[in-house]
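Step one of this worksheet: look at the structure below.
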Amino acid sequence: MISAMALAVSTAAAVTTLTASPNPCILKAGARACRTRVVWKAETAAPAAQLVLSANRGPSKIVACALEGAYEAGWISAGNSYAFTVHAASGCDEASRGEPLASVTVKGEANSPPKPKPEPKPKPKKR
């Protein structure tokens, strides 16, 4: 099942949207990674917005800086989670990062092979 996870945060009349699709990101058989697309639109009085990534709750890094945009993450791997957060910002460096506006977590999952159907049990013979 392919779906998009989204979170919208409303402050006064402004709404920031952030989506990731597909989510979860399911790796094809034999693949090392899959691709998800993160799309955001920051409604903020700040002059900029930062898209910040944290893998497995580790250190964060800025992956994009714009009030709206799309980011292709083609390196999502199975068993990991990637938190994308849009922050209001006065610029595009870490020191300018302001309050978080919206967040979505993308999970990488291995493609599980279908479970085999159980063999039917032979019916006992009547005597």
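Nothing in this text is a laboratory measurement; each read-out follows from the coordinates by a stated rule. All of these numbers come straight from a predicted model, not from anything done at the bench. Please note: Cβ atoms are built from the backbone with ideal geometry, for glycine as well, and neighbour counts cover all protein chains shown.
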Set of lysines with alpha-carbon distance to Lys117 below 30 Å, sequence-local pairs under 8 removed: Lys28, Lys107, Lys125, Lys126
Ala110 paired with Trp75, simple spin-label distance in nm, labels 7 Å along Cα-to-beta-carbon: 2.2 nm
Relative contact order (%) - the chain, alpha-carbon pairs under 8 angstrom, separation at least six: 26 percent
Only Lys, Arg (+1) and Asp, Glu (-1) charged, at Cβ; the chain dipole about Cα centre in debye: 1720 debye
Reachable aspartates and glutamates from Lys121, criterion Cα separation under 15 angstrom, eight or more residues apart if same chain: none
Dipole of the stretch 46-127 [Lys/Arg +1, Asp/Glu -1 at C-beta], most positive-end residue of Leu67, His87, Pro122: Pro122
Of Gly58, Ala78, Ser112, farthest towards positive along the dipole that unit charges on Lys, Arg, Asp, Glu beta carbons give the chain: Ser112
